[in-house]
Amino acid sequence: MSLDKQAAAFTRSVQAQAGLTGQRRTVAAPQSSAPSTTTPQTTLKRKKAVDRSKPAPAPIVYSQPTDTSLMGQHILTQVHHAVQFLKSRESPQTIQQMASYLSISMTPSLLEILKRNERITYDTTTDTFEFKPIHNIRSAQALLAFLQQQTTAQGLSVKELKDGWSGAIDTIADLEERSEILVTRTKKDNQPRMVWINDRTLDVEVEEEFRNIWHKVVIPPPAELPGELEKAGLKPTSVDPATVKKDVKAAQKGRKRAVNRRVKISNTHMNGILKDSKDLKSGGWKK
């Protein structure tokens, strides 16, 4: 090959390489400039996507009613409320009735405590619970029968009657009005305190003459009554015996001290010579 042909081939090869390089640069230029223009748009799209994916905050609700059931309370508190419920009903109650009223779950431990409670009666036949009052009295007939069976005059406390019997006060007022019972009341609010049976066999008709004599007796005022009783030789019951002062000196003055004149004689061998000095008087020896 001549030198002219070699020089022409070299020039073509150089031109061909220069053309490839220019094509590569023109293709690479848009690739290098594209990220600078598209990157902010993809970032914004991602941010918007992330914002949409966040859960919406739950709305705030005010003035919600509190839980008034006894589920979260201590078991002894549940027992107390169950006993009060049975006390107010005054009749046997089932487990379902207790659970419905108290809004609690009657657990086995709670039922076991109620069965062993001394103020509750459990009926195994009907599976019911009933409050057991101090006195099993819930009617006027039961009250009169109980008072008639008493062997003492102690009476019956109204406070004990009201335990488990809501109608005790009304029944006592009715029986008192019919003179069936005797009632003592409080001074502050005139509430019944104690009750007794009114024994009609003790009613005695007093003659009119004796009544007049009784009412003619003049009673001193309360302030002068203790002094009048003392003048009559009587001791007032309102005076404490420990506060009564006794005249100790007068009592001692009236007593005579006994003189012990016993003397042990030891000089028995001089009985005929010595004389006892007790016989000595101002006038000389007693002969």
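Things to note:
- Using a cut-off of 26 Å between Cα atoms, the listed pairs 187/231; 87/188; 188/231; 162/188; 87/187 include 187/231; 87/188; 188/231; 87/187 as exceeding that distance.
- On a per residue basis, segment 140-202 carries 66 Å² of accessible surface, using protein heavy atoms and a 1.4 Å probe.
- The label-point distance for residue 228 and residue 163, in a model that sets each label 7 Å from Cα toward Cβ, rounds to 4.5 nm.
- Solvent-accessible area of residue 217 with every protein chain in place, 1.4 Å probe, in Å² to the nearest 10: 90 Å²
- Solvent-accessible surface (1.4 angstrom probe) belonging to residue 94, in square angstrom, nearest 10: 40 Å²
- Both the radius of gyration and Dmax for segment 70-131 are 10.4, 31 Å, in that order, over alpha-carbon atoms.
- Computed label-point distance, nm, for sites residue 183 and residue 84 using a 7 Å Cα→Cβ extension: 2.8 nm
- Taking the accessible area of segment 70-131, probe 1.4 Å, and keeping the other protein chains in place, the carbon and sulfur fraction comes to 51%.
The values are calculated or read from the model by the stated rules, or taken from the named source; none is laboratory data. This is a predicted model, so every value here is computed, not measured. Positions of Cβ are backbone-derived with ideal geometry, glycine not excepted, and every protein chain shown enters the neighbour counts. The area values use the complete protein model at the heavy-atom level, side chains included, leaving out ligands, DNA and RNA. Shrake-Rupley method; radii C 1.70, N 1.55, O 1.52, S 1.80 Å.
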